[in-house]
Every structure is written in structure tokens, then in C-alpha cells.
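The values are calculated or read from the model by the stated rules, or taken from the named source; none is laboratory data. Since we're looking at a predicted model, the values are computed, not measured. Note that we place each Cβ from the backbone using ideal geometry, even for glycine, and neighbour counts take in every protein chain shown.
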Amino acid sequence: MSQAEVSRKSPIPIYHQIKELLKERIESGFFDTHECLPSERELGEMYGISRMTARRALKELEGEGYVYREQGKGSFVAEPKLRQALLHLTSFTEDMRKRGLDPGAKVLENQVIEGDKELVDKLGVLPEEKFVRLQRVRLADGEPLAIETSFLRRKFCPELEEIDFNNESLYRVLNERYGIDLGRAEQTVEATLSGEFETQILNIEKAVPMLSTERITYLTDGETVIEYARSTYRADRYKLYVELRR
Ligand code: 16G
């Protein structure tokens, strides 16, 4: 690392250049996970910048989930974000297993509902149709990563509300117990900020950016809706991946 890596003539602010340099070194594995990064003072000396500038770079890296800071000890490289490919219709359980993580859930609610106006409008179902509302905190290696609320059309999966989903995959149950094959899903993703509920449930200290998704899942005929789900993931631990071809 040297001062030559920082361009003082560039219109890009110095703190941003330092941040990008550090990010590159974290992503390339130059710094290991949980390794201590150079301190503000050390960065200042390495790059000939003020401590304020170094602090700002580290703070932004923290905000983006690349580093975590420990009071009085310094800044450390955070665990890499979990990457989710947006190509296949997979379950949380499958996504986590693919990464070598142990998937888990804590059920917050599993009950029958009907007459939910939002569902009726969104899915075009009859107002009297019954749904099972399943709300879970989703865990990866025991760490709370997301809150997921799924609405299932109960006529396709009667008594789903009786099942203990603390140790069960919803998609596996749909398939094995009810013989349901999923065909396709439509999904949107948007950036949000964790509200009081998420901050508390996900055990985070302050409001953090979240990735909120909405999914409508259809059966193999491609048009019969089976599930409507809303999930919100910690954006500092999770990123989405899309392959684009031309
Ligand atoms: C995914 C789906 C969710 C589905 C769940 C089933 C998104 C945004 N959500 O998290 O709709 O209910 O998987 O997971 O992708 P499970 O089979 O592990 O219970």
C-alpha cells in the first residue's frame, strides 16, 4: 500500500478512493475475515491522509457491511455477504445449504386467516378464501438473517398451520406432504430500512439497510398462485446476484 495509489488530482474524494482500495483488498482475500485492518493513524501514514479521512473510509465500509468495529480495538474484516442468485426458484433452506450454512427458523406465527384485503387485491382471489400466514425469523448458522412472511392458499395445503416449522422447510412440506410442485415465481426486490420490529427481532443495535423482497409463487401450470411471500434480509449480510447475457 502506498501513497501512489491515491490520486489527489482525481475528482473522486480521497476517502472514497481509500474505501475502494480497502474494499478491493477485502474482496480479493488480501485481508482475511476477522483480520484487523490498519488503524486510522496507520492509514493516515500509509496514504498521507488525515485521520478524519481514514475514519470516514472505515465508517463507510462499516455501513456497507465490509467491516465491523470494536470499541478500542479497531476495524475488522466482516464475514463475506451471502450471495443469492436470482435465477432459480429455491427455498431458503436450499440457498443456505448450498453455501454450507445450517438453515434454521424460529416461528413467530402460523395461523389461518381470511379476508385480508391486500391478498385479495394482489392475488385476485375470492375474499372468503382462507390462507395460512406463516411468519418466521430465518437463521443461517444460528444467526438471524431475515424475516419471512408467507401466505399459503390453504385449500392446497389443509392443516398446514398444524406443522411445526421451527425445523422444517416449507417447500419440502408442500412437496412431500401435499404433492405440490412449484413452477415459477415472480419476485421484486427493494431497499428499505429496518423498522423497530425488524431491528428488535433480528437483534441489531440500530436501524440498518434491508433488502425486501416480494414473491408470488405459482404451480407448474404457471398461473395458479400457491404462495405470496414477503421477506426482508439484512443487507449488510446478504446480496443478490444476477447473471446477464447478451
Ligand atoms: C424463500 C422464499 C419464500 C419461501 C421460502 C421457503 C424469497 C424471497 N422467499 O425464502 O417465499 O417461503 O424460501 O423456504 O426468496 P423453506 O423451504 O426453507 O421453508
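Report yes if some residue within region 69-87 is part of a loop (DSSP other than H, G, I, E, B), in contact with a strand residue (DSSP E or B) (Cβ under 6 Å, 6 or more places away or on another chain) and basic (Lys, Arg); otherwise report no. Can you show your working first?
Let us first name the residues in region 69-87 that are part of a loop (DSSP other than H, G, I, E, B), namely 71-73, 78-81, 86-87.
Still in the list and also in contact with a strand residue (DSSP E or B) (Cβ under 6 Å, 6 or more places away or on another chain): 78, 81, 86.
Cutting the leftovers down to basic (Lys, Arg) gives us 81.
Yes - at least one qualifying residue is present in region 69-87.
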Cross-chain or 6+ apart pairs with Cβ under 7 Å, region 15-33 first and surrounded by fewer than 15 Cβ atoms within 10 Å (Cβ to Cβ), then aliphatic (A, V, I, L, M) and not in a loop (DSSP other than H, G, I, E, B): Asp32/Val77; Thr33/Val77
Checklist (1) surrounded by fewer than 17 Cβ atoms within 10 Å (Cβ to Cβ); (2) out of contact with any strand residue (DSSP E or B) (no Cβ under 7 Å at 6 or more places or on another chain) applied to Leu240, failing item: (2)
Pairs, first closer than 20 Å to Glu162 by Cβ in region 97-109, second part of a strand (DSSP E or B), C-beta under 6 Å, six or more apart: Ala105/Arg136; Ala105/Arg138; Lys106/Val137; Val107/Arg136; Leu108/Gln135; Glu109/Gln135
Condition broken by Ala57, with the remaining ones in (1) among the small types (Gly, Ala, Ser); (2) in a helix (DSSP H, G or I); (3) within 12 Å of the ligand (Cβ to nearest atom) satisfied: (3)
Any helices (runs of 4 or more DSSP H) falling wholly within region 97-213 and containing at least 2 residues that are farther than 23 Å from Ala235 by Cβ: 117-123, 170-176
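Quick one: in region 215-237, which of the residues that are under 21 Å from the mean Cα position of the chain (by Cα) and more than 11 Å from the ligand (Cβ to nearest atom) is surrounded by the most Cβ atoms within 10 Å (Cβ to Cβ)?
Our first condition is that a residue be under 21 Å from the mean Cα position of the chain (by Cα); within region 215-237, this holds for 215-217, 227-237.
Going one step further and asking which of them are more than 11 Å from the ligand (Cβ to nearest atom), we end up with 234-237.
On the way: Arg234: 22, Ala235: 20, Asp236: 20, Arg237: 20.
Selected residue: Arg234.
Can you tell me which residue among Gly179, Gly195 is free of Cβ contacts under 8 Å to residues at least 40 places away in the same chain, at positive phi and more than 13 Å from the ligand (Cβ to nearest atom)? Steps first, answer last, please.
Values: Gly195 fails: at positive phi.
Within the list Gly179, Gly195, the selection yields Gly179.
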Leading residue by the ranking (farthest from Pro144 (Cα to Cα)) among those in region 67-92 that are at pLDDT 90 or above and buried (at least 18 other Cβ atoms within 10 Å of the Cβ): Ser75
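Would you tally the residues in region 96-113 being out of contact with any helix residue (DSSP H, G or I) (no Cβ under 6 Å at 6 or more places or on another chain) and closer than 16 Å to Glu227 by Cβ? Reasoning before the result, please.
Looking only at region 96-113, we keep the residues that are out of contact with any helix residue (DSSP H, G or I) (no Cβ under 6 Å at 6 or more places or on another chain), and these are 96-102, 104-109, 113.
In the following step, the residues that additionally are closer than 16 Å to Glu227 by Cβ were identified as 105, 109, 113.
Of the residues in region 96-113, 3 are out of contact with any helix residue (DSSP H, G or I) (no Cβ under 6 Å at 6 or more places or on another chain) and closer than 16 Å to Glu227 by Cβ.
Restricting attention to region 120-132, which residues are within 24 Å of the chain's Cα centre (by Cα) and more than 12 Å from the ligand (Cβ to nearest atom)?
Within region 120-132, the first condition is being within 24 Å of the chain's Cα centre (by Cα), and the residues that meet it are 122, 132.
If the condition is that a residue be within 24 Å of the chain's Cα centre (by Cα) and more than 12 Å from the ligand (Cβ to nearest atom), then Lys122 is the only one that fits.
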